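Let me begin by presenting the structure, written as structure tokens, before commenting on it.
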Amino acid sequence: MATYPRLASLKTFDDFQRRLDELGLELPADREVTAGAESVLAQSAQAGTLAIGNRFCILPMEGWDGTSDGKPSDLTRRRWKHFGISGAKLMWGGEAVAVRHDGRANPNQLCLTEANQKDIAQLRELLIAAHVERFGDDDGLVVGLQLTHSGRYAKPNDHHTPEPRIVQRNPALDPRVRVDDDTPILTDDALKALIDDFVAAAARAQKLGFDFVDIKHCHGYLGHELLSGIDRPGEFGGSFENRTRFLRDIVAGIRSEAPGLELGVRLSVFDFVPYCQAESGVGVPDPLADPRLVFGSTPGGDGIDLTEPLRFLELMQQLGMRLICTTAGSPYYTPHLQRPAFFPPSDGYQPPEDPLVGVQRQIAATAQLKQRFPEMFVVGSGYTYLQDWLPNVAQAVIRDRLADSIGLGRMVLSYPDLPADVLEGQTLARKRICRTFSDCTTAPRKGMISGCYPLDTYYKEMPERKQLQELKKLSVRNS
Ligand SMILES: Cc1cc2nc3c(=O)[nH]c(=O)nc-3n(C[C@H](O)[C@H](O)[C@H](O)COP(=O)(O)O)c2cc1C
Ligand code: SF4
């Protein structure tokens, strides 16, 4: 079991600061948080043609709760309404939406087909209506859609049956998704057909009224895996130019089919080799890992090297893109980088470091990108673990221009209107603060809908909560 102090035990700002000092972490944090129009978090900003009303952003989060044909359910609609009342003015994509069936990460993921488009358009409308009802207007509200193909992590038909579409072999990751030596890698022609599907989905998103699309390149999914495809032969592998062809061709297609649509990328800006659980339960680098196959890492696969991620941003700028949302690693093989948590998900491992280290790592890497590319609008991620001290760090990050917007993930599942409370100067509702119990990750790993079972009353009362508790007990017994 981890021996780090729980963040909730750091009762005062001085306690928090002392812990940062003990860890030797340079993390900006303001003692006092300003509310109202004076707050830097309330300032509007321009990103390309988009005027964004404040500095909070809702990060994309799937709920594993769509219908089997990829339409939203009542639970999906509830989540999008919550995003609308959050008080954040930027919606980075809502949730990952597959551009076609075989790219779905789970059999209940949304899929932007022609048959589903009206229902997906309604999600945006519900979000905006909820925002207007709570705040009076939708001035400065910007809603994007995240487009994805899940690649190696595709499970389009059954929660327990991976149907990976890989772009190169990976000795540590292949056995985890039942890829054996005979599994074919996607051909260049297959990737070209997929590019067409991304373009078609983007054109649809534009018609439905979305302000931008995110061409997802993170978390080990297909776009991200291509970036580390140094062993892949052909037009999409090897050199940096080839590994970024997927992005360039999608952008070119969208410019021709959906002119005027703003484009962004959610990028895992660094990664480490895949981790696994040691006998002690703590996460360690997987001995099978090939450290060459890691985008944004030092040669050993255990440190950050932003050389190529910086080139990627340069390319985005050349392509006329202004929107970037940073994240790190993958929830499947480096969850401690991606969503720092005190309690790991069932398929994870005990944190190998104080989760504050993971938070600081993402903030510092994001700051480096922002400093090198000041014209880009940069959204940062991984703030939820800061819990009570999230507003103090958020304000300092924006004031010091280390990012342009504070992205919130898990925190808005447990406490949807935290941004509104911060901006209005309300005392935070401590009982609603996400304590990183990871049930929202564990549930889908068990084939169940995701949600904040511990803190959201709606999920607390669901029969699934009991089922999840039983399954978690079983996992502990079997481990
Ligand atoms: C339940 C759940 C679903 C998620 N789904 C997505 C997704 O669809 N697309 C994506 O880019 N990130 C997804 N993420 C990652 C979050 O956007 C975010 O990067 C991560 O939770 C770290 O931010 P946080 O510390 O504020 O939670 C998901 C995270 C969670 C917890
Ligand atoms: S289940 Fe709730 S408390 Fe746990 S990590 Fe998810 S949002 Fe946070």
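Considering only residues that are surrounded by 10 or more Cβ atoms within 10 Å (Cβ to Cβ) and not in a loop (DSSP other than H, G, I, E, B), which ones fall in segment 5-20?
Listed by number, the residues that qualify are Leu7, Ala8, Phe13, Asp14, Asp15, Phe16, Gln17, Arg18, Arg19, Leu20.
Return yes when Asp65 is of a type in the set (D, E, K, R) and away from ligand 2 (no atom under 16 Å from the Cβ) and no when it is not.
Criteria not met by Asp65.
How about segment 29-44: which of its residues are assigned to a loop (DSSP other than H, G, I, E, B) and either surrounded by fewer than 17 Cβ atoms within 10 Å (Cβ to Cβ) or touching a strand residue (DSSP E or B) at 6+ places or on another chain (Cβ under 8 Å) (or both)?
Within segment 29-44, Arg31, Glu32, Ala35, Gln43, Ser44 meet the criteria.
Considering Glu235, Glu225, Glu241, which residue is more than 28 Å from Lys118 (Cα to Cα), crowded, with 23+ Cβ neighbours inside 10 Å, among the charged types (D, E, K, R) and at pLDDT 95 or above?
Glu225
I'd like to verify a number: residues in segment 63-106 that are outside any loop (DSSP other than H, G, I, E, B), closer than 22 Å to Asp211 by Cα and charged (D, E, K, R), how many?
4
One line per residue, one yes/no per condition, for (1) buried (at least 24 other Cβ atoms within 10 Å of the Cβ); (2) aliphatic (A, V, I, L, M); (3) under 19 Å from the mean Cα position of the chain (by Cα); (4) at pLDDT 95 or above:
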{"residue": "Ser86", "(1), (2), (3), (4)": "yes, no, yes, yes"}
{"residue": "Gln122", "(1), (2), (3), (4)": "no, no, no, yes"}
{"residue": "Gly144", "(1), (2), (3), (4)": "yes, no, yes, yes"}
{"residue": "Asp158", "(1), (2), (3), (4)": "no, no, no, yes"}
{"residue": "Ile166", "(1), (2), (3), (4)": "no, yes, no, yes"}
{"residue": "Ala172", "(1), (2), (3), (4)": "no, yes, no, yes"}
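Among the residues of segment 440-479, how many are within 9 Å of ligand 2 (Cβ to nearest atom) and hydrophobic (A, V, I, L, M, F, W, C)?
4
Could you give me the residue pairs with C-beta distances under 9 Å whose first residue belongs to segment 111-133 and is over 19 Å from Gly70 (Cβ atoms), whose second residue is of a type in the set (Gly, Ala, Ser) and part of a helix (DSSP H, G or I) wherever it lies, and which are 6+ apart or on separate chains?
Cβ pairs passing all conditions: Ile128/Gly84; Ala129/Gly84; Ala130/Gly84; His131/Gly84; Val132/Gly84; Glu133/Gly84.
Of the conditions (1) touching a helix residue (DSSP H, G or I) at 6+ places or on another chain (Cβ under 7 Å); (2) of a type in the set (A, V, I, L, M, F, W, C); (3) under 30 Å from Ile52 (Cβ atoms); (4) surrounded by 19 or more Cβ atoms within 10 Å (Cβ to Cβ), Phe342 satisfies every one except a single condition; which number is it?
(3)
Name the single residue, out of those in segment 197-222 being assigned to a loop (DSSP other than H, G, I, E, B) and hydrophobic (A, V, I, L, M, F, W, C), that is surrounded by the most Cβ atoms within 10 Å (Cβ to Cβ).
Cys218
Is it the case that some residue within segment 432-439 is modelled with pLDDT of 95 or more and away from ligand 1 (no atom under 13 Å from the Cβ)?
Yes, because at least one residue in segment 432-439 is modelled with pLDDT of 95 or more and away from ligand 1 (no atom under 13 Å from the Cβ).
Go through segment 402-439 and count every residue that is in a loop (DSSP other than H, G, I, E, B), at negative phi, away from ligand 2 (no atom under 14 Å from the Cβ) and among the small types (Gly, Ala, Ser).
1
Restricting the search to segment 369-393, which residues are away from ligand 1 (no atom under 15 Å from the Cβ) and acidic (Asp, Glu)?
Across segment 369-393, the qualifying residue is only Glu375.
Can you name the condition, by its number, that Val284 falls short on among (1) under 23 Å from the mean Cα position of the chain (by Cα); (2) on the phi > 0 side of the Ramachandran plot; (3) surrounded by fewer than 18 Cβ atoms within 10 Å (Cβ to Cβ)?
Answer for Val284: the failing condition is (2).
Examine segment 394-407 for a residue that is over 27 Å from Leu75 (Cα atoms), within 12 Å of ligand 1 (Cβ to nearest atom) and buried (at least 24 other Cβ atoms within 10 Å of the Cβ), and state whether such a residue exists.
yes
Which one of Leu315, Leu261 is farther than 24 Å from Arg410 by Cα, in contact (Cβ under 8 Å) with a residue 60 or more places away in the chain and in contact with a helix residue (DSSP H, G or I) (Cβ under 8 Å, 6 or more places away or on another chain)?
Testing whether each residue is farther than 24 Å from Arg410 by Cα, in contact (Cβ under 8 Å) with a residue 60 or more places away in the chain and in contact with a helix residue (DSSP H, G or I) (Cβ under 8 Å, 6 or more places away or on another chain) leaves just Leu315.
State whether the residues of segment 289-302 include one that is under 17 Å from His219 (Cα atoms), assigned to a loop (DSSP other than H, G, I, E, B), of a type in the set (Phe, Trp, Tyr) and modelled with pLDDT of 95 or more.
Scanning segment 289-302 turns up at least one residue that is under 17 Å from His219 (Cα atoms), assigned to a loop (DSSP other than H, G, I, E, B), of a type in the set (Phe, Trp, Tyr) and modelled with pLDDT of 95 or more.
Restrict the check to segment 346-368 and report whether at least one residue is over 22 Å from Thr334 (Cβ atoms), of a type outside the set (S, T, N, Q) and buried (at least 18 other Cβ atoms within 10 Å of the Cβ).
no
What are the residues in segment 107-133 that are aliphatic (A, V, I, L, M) and assigned to a helix (DSSP H, G or I), if any?
If the condition is that a residue be aliphatic (A, V, I, L, M) and assigned to a helix (DSSP H, G or I), then Ile120, Ala121, Leu123, Leu126, Leu127, Ile128, Ala129, Ala130, Val132 are the ones that fit.
Select, from Ala2, Ala47, the only residue that is hydrophobic (A, V, I, L, M, F, W, C), surrounded by 15 or more Cβ atoms within 10 Å (Cβ to Cβ) and at pLDDT below 95.
Checking each option against the conditions leaves just Ala2.
Restricting to segment 305-342, name every residue that is more than 12 Å from ligand 1 (Cβ to nearest atom), of a type in the set (D, E, K, R) and in a loop (DSSP other than H, G, I, E, B).
Asp305, Arg322
The values are calculated or read from the model by the stated rules, or taken from the named source; none is laboratory data. Predicted, not measured: the structure shown is a model, and the values here were computed from it. When we count neighbours, we look across all protein chains shown, and the Cβ atoms used for this are built from the backbone with ideal geometry, even at glycine.
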